[in-house]
Structures are given as C-alpha cells and as structure tokens.
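Asker: Here you go, one structure.
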Amino acid sequence: MSLDEDRIQMIWEKWSKDPNRNVYTLIRRLRENGFKVIRSYRVAVEGSCVAGIYGEHSHIVIKMNSYEIILCEKSGTIVYKVISHKIENVHVNYEL
C-alpha cells in the first residue's frame, strides 16, 4: 500500500469506531488530513454488496485527489477503493 492508502486506512479505522459517525464527519477528517474531497454522492444499490448487506440500500461515493472510495452506508464499511481510476455508469441519486 502507498503512504496515502495507509493514511486513508488509518482515518477510516478511527472514524469507524466513532459512535456518532456519518459521511460528513468522514469527509471532514479526510480534508483535515490533507485530502482534497472533490465530490461525494449517494448511489442506490440493489441486491447484495461486498459488506454482506442484502436488499436495497445506498452507498456513498467519495472522490478525492486521485482516489475514489465507496462506503456502504448501512454497514459503515469501505466496499470499493480505486486509485487513479474513474467510476463510470453509476446512477447518482443526489449530491451530498
């Protein structure tokens, strides 16, 4: 893992233990640690996801510098992480 990936993982682990966590506090922590959050939005998911959540729920996409992470909103876990890659063909429910 790169240094940035290690930092994101560290931020994520601290954030995931916060009982009052939400996507906005994660974005704030990323920004406080030098990551430029370019865009964030919620997408609808049907079926199941990597986090083991079944049924209709939503994921949060956070685009930063050259990273994109997808967070399962129901379980609070990162289900997808991309470095220097664009996520295509997603239906944006609404911008955060």
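Asker: Return the residues of region 64-78 that are touching a His at 6+ places or on another chain (Cβ under 8 Å), free of Cβ contacts under 8 Å to residues at least 40 places away in the same chain and either of a type in the set (S, T, N, Q) or farther than 13 Å from LYS36 by Cβ (or both); say none if nothing qualifies.
Answerer: Matches in region 64-78: ILE70, CYS72, LYS74.
Asker: Hey, another quick one. Going by what's in this entry, would TYR80 be described as assigned to a helix (DSSP H, G or I), surrounded by fewer than 16 Cβ atoms within 10 Å (Cβ to Cβ), within 11 Å of the chain's Cα centre (by Cα) and not β-branched (Val, Ile, Thr)?
Answerer: Judged against the criteria, TYR80 is not a match.
Asker: Quick check on my filter: what residues within region 1-17 are of a type in the set (Asp, Glu) and surrounded by fewer than 12 Cβ atoms within 10 Å (Cβ to Cβ)? Steps first, please.
Answerer: Applying the first criterion (of a type in the set (Asp, Glu)) to region 1-17 yields 4-6, 13.
Listed by number, the residues that qualify are ASP6, GLU13.
Asker: Related question: Mind listing just one residue for me: the one in region 20-63 that is in a strand (DSSP E or B) and in contact (Cβ under 8 Å) with a residue 40 or more places away in the chain and, of those, surrounded by the most Cβ atoms within 10 Å (Cβ to Cβ)?
Answerer: SER40
Asker: If you don't mind, there's one more thing I want to ask. Just checking, how many residues over region 1-19 are within 17 Å of SER66 (Cβ to Cβ), part of a helix (DSSP H, G or I) and aliphatic (A, V, I, L, M)?
Answerer: So the answer is 3.
Asker: If you don't mind, there's one more thing I want to ask. Scan region 46-96 residue by residue and report those that are among the acidic types (Asp, Glu), over 19 Å from ILE8 (Cα atoms) and at pLDDT 70 or above.
Answerer: GLU46, GLU56
The values are calculated or read from the model by the stated rules, or taken from the named source; none is laboratory data. Note that the coordinates shown come from a computational prediction; the quantities given were computed from them, not determined experimentally. Glycine also receives a Cβ, built like all others from the backbone with ideal geometry; neighbour counts cover every protein chain displayed.
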